[in-house]
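Undergrad: Once you've had a glance at the structure underneath, I'll fire off some questions.
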Amino acid sequence: MYELRLKSGGVLLFACIALISCGDPAPKFQAQRVSNPTAGPQTPFVDGLVPGGDRENSYAWCMDVLPDPADPSSEGWLYVGTGRDLILAFAMAAGVSQEQIQPVFKEDLPEATDGRARMYRWKLDGTGDFEEVFRASNLSGALEKLPKEIGFRGCMTYETPDGPALFAVTVEPLGLSPARMLKFEPGAAPDAQPKEVFRVAPWESGTRNSLRPLAVYDGRLLVATQTNELFASENPPEQPEGSDASTEGWSKIADDSDFGGLFESSGFSLWQMVEFNGWLYVILGNPDPVAEKANQGFHMFKGRLAPDAPNASAETGWEWVPIVGSGGKLPAGLGVPAFKAASLVVFKNQVYVGTLTDMLGPWVSGGLNSLTMNMRPPQIYRFDASDQWQLLVGDPDDIFLYRRSDHRAGFYTATDQQIVMPSRYQRANYSLNQYVWWMEVWDGRLFASTFDIKVFLRYLNDSSLQLLGVTQQQYRADIVEAVSLLPMVNQNPEGFDLWTTDDGLTWWPVTVDGFGSPHNYGGRTLKATSQGLFVGTANPFYGAQLWRVNNVD
């Protein structure tokens, strides 16, 4: 990391700039933090996007650009939706209370005081601070301190017949109120209320029905529910007021039966979608922590409107073809049950698939022992218009006999100590990257960001393991010893990785240490813009950050 000191109007400003150079012929990039740029340079420092910081903004969960009609010559606004207090939310899903989790992380974990979802915007030309444009409300009555929505897990700018708008979907954590899609109009005042254009009620009393994936297919905006209902609209209208489901102006193009009843039987939900070669490709992932449903490997289908197809739905006219799992030519999870989901992007006329490993399910079903036994570094695959697959980054197996790049799963590189160990240790992959969390195409290159769990190891000791419910003394001792020995085989620093390629075969690191912030454990979302590639981080300790990557030239 380098510190660049700039003088502006007689005031000395401190901007955090990282120069990444891998040596010729590697590409060279400059990464600059645009959220709270005067914080630091020491770590940790408080960020969370807003001026002065907000540590409860755990993730930059979604991002997209919306034009500014008041200034057509400008680059517009970058909208960023956050997720709030997410370590606590995940811990509670695993049955761990705030009283248990707080002493583990001590001062590194902020106290949860306000979990209400936020949406911010920032001028792409850099002239101004982040503005808050939405804050969710709390529940009422005895639950008045609990938020209705804790974040925006997806957002997308979509060109309606009336012009562009930003559409964002909320996460409702408790199953007590609807999950919604909100429409943010370009040029709206910061205090203007967005329109509610889609609403889905909890699918069962006390069980949330969240919204996750958004996509555009055949010129229409698509949104999917947790129960695998898939809707499309050309011009999403404002919905009538209420707390029940409301989907006026939307047509349903699929439901759970089109995907073999995977939600009903095993908790699989539509996770991500992409249009390619005339088809809509969808990933069904499994975020369900219920023991019998966890760790089963993701599924993939492709669909299109084809009313004359033999297997087309009589109700919607769509046909759906299984590709991975559930009758497809490839097994669920591409043969790795731990791969619970996958990210998708189209690059140079092929679809790239980055895997995500199930972390929450094994923790809930079997505790830390199950979690450690099921960790698998992520892999990157690609397929063409004929659905022919290749393994690019990963460890070959009985399904994919070789990989096309030089990189093992998780972009892992063995240390010199590992190379001289006994053969079974030489072959092991000790990468702590567990997700390829996001992939994005910018400036003719593909970028892939990871989720690296290494920072959690600094908190594992005998006392914290007891707090987390590990009762067996020998098992606690084994974990502590393993953590102490890990540097022998894994010298990748704490913090997420960001890698890039121009052909899928040769990959170069942009950062392997979360841009110098070890608590940046994930590159949660990437957004290509005219002003560079923006990276929104996952940092539930000191607050999400926003970085801009540009070519050095």
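FYI, it's all coordinate maths here, none of it is from the lab. What you see is a predicted model; the values in this text were computed from it and never measured. Cβ sites come from the backbone with ideal geometry, for glycine too, and all protein chains shown count toward neighbours.
Undergrad: Taking the Cα centre of region 224-289 as the origin, how large is its charge dipole in debye, to the nearest 20, when only Lys and Arg (+1) and Asp and Glu (-1) carry charge on their Cβ atoms?
TA: 260 debye
Undergrad: Mind checking which of Thr372, Ser326, Ala31 is farthest towards the positive end of the chain's charge dipole, using Cβ charges of +1 (Lys, Arg) and -1 (Asp, Glu) about the Cα centre?
TA: Towards the positive end, the residue furthest out is Thr372.
Undergrad: Could you give the size of the charge dipole of region 149-197 about its Cα centre, using +1 on the Cβ of each K and R and -1 on the Cβ of each D and E, expressed in debye and rounded to the nearest 20?
TA: 120 debye
Undergrad: Using a cut-off of 18 Å between alpha-carbon atoms, which aspartates and glutamates can reach Lys454, once sequence neighbours fewer than 8 places away in the same chain are excluded?
TA: The reachable aspartates and glutamates, counting only those whose Cα sits under 18 Å from Lys454, are Asp108, Asp358, Asp462, Asp478, Glu481, Glu494, Asp497, Asp513.
Undergrad: How do the peptides 324-336, 420-432 rank, highest first, by the average count of neighbouring beta carbon atoms within 10 Å per residue?
TA: 324-336, 420-432
Undergrad: Moving to a separate point now. If you stretched the chain out fully between Leu401 and Thr415, how much longer would it get, using 0.36 nm times the residue separation minus the C-alpha to C-alpha distance? Walk me through the numbers before you get to the answer.
TA: Numbers: separation 14, 0.36 × 14 = 5.04 nm, distance 2.40 nm.
Extra length from Leu401 to Thr415 when fully extended: 2.6 nm.
Undergrad: Turning to a different aspect of this structure: Please list 225-231, 401-407, 77-83, 439-445 highest first by mean number of surrounding beta-carbon atoms within 10 Å per residue.
TA: Answer by packing, highest mean first, reads 77-83, 225-231, 439-445, 401-407.
Undergrad: Want the number for Phe456 to Ala428: 0.36 nm per residue separation, take away the alpha-carbon distance, what's left?
TA: Stretched fully, the Phe456-Ala428 segment lengthens by 8.0 nm.
Undergrad: Classify region 50-119: rounded, prolate or oblate, from the alpha-carbon gyration tensor (a ≥ b ≥ c, eigenvalue square roots; a/c under 1.5 rounded; otherwise prolate if a/b is larger than b/c)?
TA: Note, shape of region 50-119 comes out prolate.
Undergrad: Run the dipole for the chain about the Cα centre, Lys and Arg Cβ at +1, Asp and Glu Cβ at -1, nothing else charged, and hand back the magnitude in debye, nearest 20.
TA: The dipole magnitude comes to about 1040 debye.
Undergrad: Now for a separate question. Lys and Arg at +1, Asp and Glu at -1: add these up for the other residues within a Cβ distance under 12 Å of Glu275 and post the number.
TA: The answer is +2.
Undergrad: Name the residue farthest towards the positive end of the dipole of region 127-224 from the options Leu176, Gly151, Leu222, assuming +1 on Cβ of Lys and Arg, -1 on Cβ of Asp and Glu, about the Cα centre.
TA: Leu176
Undergrad: Then there's this: Mind sorting out which of (i) 24.1; (ii) 25.1; (iii) 36.8 is the real Kirkwood radius over Cα pairs in Å computed from the coordinates?
TA: Given (i) 24.1; (ii) 25.1; (iii) 36.8, the calculated one carries the label (i).
Undergrad: Still on this structure, please answer the following. Students often get this wrong, so check it: of Lys183/Lys340; Lys145/Lys183; Lys148/Lys527; Lys195/Lys252; Lys148/Lys302, which have C-alpha atoms separated by over 32 Å?
TA: Lys148/Lys302
Undergrad: Please label the shape of region 236-360 as rounded, prolate or oblate, based on the square roots a ≥ b ≥ c of the eigenvalues of the alpha-carbon gyration tensor (a/c under 1.5 means rounded; beyond that, a/b larger than b/c means prolate, else oblate).
TA: oblate
Undergrad: Count charges around Cys155 for me, please; just the other residues with Cβ under 12 Å from its Cβ, Lys/Arg as +1, Asp/Glu as -1.
TA: Its environment carries a net charge of +4.
Undergrad: Going by the alpha-carbon gyration tensor, a ≥ b ≥ c the square roots of its eigenvalues, is region 476-547 rounded (a/c under 1.5) or, if a/c is not under 1.5, prolate (a/b greater than b/c) versus oblate?
TA: Oblate, since a/c reaches 1.5 and b/c is not below a/b.
Undergrad: Hey, how many Å between the Cα centroid of region 510-529 and the Cα centroid of region 215-288?
TA: 29 Å
Undergrad: Can you list which of the GluC sites (Glu not before Pro) found in region 112-168 are DSSP loop residues with at most 14 other C-beta atoms within 10 Å? If you can, show how the numbers build up before the last one.
TA: Numbers: sites: Glu131, Glu132, Glu144, Glu149, Glu159; in loops: Glu144, Glu149.
Sites meeting the loop and neighbour criteria: Glu144.
Undergrad: If contacts are Cα pairs under 8 angstrom and at least 6 residues apart, what is the relative contact order of the chain in percent?
TA: That works out to 13 percent.
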